[in-house]
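Shown next, in structure tokens, is the structure this report addresses.
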């Protein structure tokens with residue numbers, strides 16, 4: 001009984017991960033496109049896993065989490081400005097957090113990779129690179145928390 005449950009659960013999880021991984025390629029198009037080999041050549045293994053395969057970097061590992069200087073956070077994949085330091089706050093989660101993105105910079109979709117849980121995934125609207133997730137527990141004025149993988153961003157001081 002336990003073995004059958006384990007096998008069926010493992011198979012269902014694998015199918016959902018594979019479905020989510022390839023759904024983006026089938027349904028969305030972006031202004032900036034690159035081949036897989038071009039992405040791999042310009043990104044580290046971790047950056048590729050996060051930005052192209054929707055992985056998550058470990059909490060408290062990004063130097064951008066504690067970066068509070070004035071400036072803009074750009075997409076590492078296409079250099080589109082995504083977030084302003086004026087909208088950054090310390091969420092205590094270990095990832096850079098913002099209460100809003102810049103106008104026309106962020107795309108979203110429903111993320112169903114976690115069993116029985118739906119989240120809002122956010123990505124660069126120009127190249128489709130995965131950034132992180134948006135939650136409803138942020139500060140005013142939006143009440144949103146954009147929880148972002150630091151490896152997806154490049155900070156440019158003002």
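If we scan the range 142-158, do we find a residue that is over 26 Å from residue 34 (Cα atoms), in a strand (DSSP E or B) and more than 15 Å from the chain's Cα centre (by Cα)? Yes, the range 142-158 contains at least one residue that is over 26 Å from residue 34 (Cα atoms), in a strand (DSSP E or B) and more than 15 Å from the chain's Cα centre (by Cα). If you check residue 30 against the conditions, is it in a loop (DSSP other than H, G, I, E, B) and either surrounded by 12 or more Cβ atoms within 10 Å (Cβ to Cβ) or in contact (Cβ under 8 Å) with a residue 60 or more places away in the chain (or both)? Against the criterion (in a loop (DSSP other than H, G, I, E, B) and either surrounded by 12 or more Cβ atoms within 10 Å (Cβ to Cβ) or in contact (Cβ under 8 Å) with a residue 60 or more places away in the chain (or both)), residue 30 qualifies.
Inside the range 55-100, residues that are in contact with a strand residue (DSSP E or B) (Cβ under 9 Å, 6 or more places away or on another chain), under 21 Å from residue 43 (Cβ atoms) and assigned to a loop (DSSP other than H, G, I, E, B) make up a count of 11.
Within the set 93, 108, the sole residue that is out of contact with any helix residue (DSSP H, G or I) (no Cβ under 8 Å at 6 or more places or on another chain) and within 19 Å of residue 65 (Cβ to Cβ) turns out to be 93. Could you tell me which numbered condition residue 116 fails, if it satisfies all but one of (1) more than 15 Å from the chain's Cα centre (by Cα); (2) under 16 Å from residue 133 (Cα atoms)? Every condition holds for residue 116 apart from (2).
Within the range 82-106, the set of residues being under 16 Å from the mean Cα position of the chain (by Cα), surrounded by fewer than 17 Cβ atoms within 10 Å (Cβ to Cβ) and in contact (Cβ under 8 Å) with a residue 40 or more places away in the chain comprises just one member, 93.
Of the residues 155, 116, which single one is surrounded by fewer than 20 Cβ atoms within 10 Å (Cβ to Cβ) and modelled with pLDDT of 95 or more? Even if it seems obvious, please write down each step before you answer.
Numbers: 116 fails: modelled with pLDDT of 95 or more.
On inspection, the qualifying residue turns out to be 155.
As a summary of the residue check, residue 41 satisfies the conditions (1) at pLDDT 95 or above; (2) outside any helix (DSSP H, G or I); (3) more than 15 Å from the chain's Cα centre (by Cα) except for the one numbered (2).
The values are calculated or read from the model by the stated rules, or taken from the named source; none is laboratory data. These numbers come from a predicted model, not from an experiment. Neighbour counts are summed over all protein chains in view; Cβ atoms, including those assigned to glycine, are modelled from backbone coordinates with ideal geometry.
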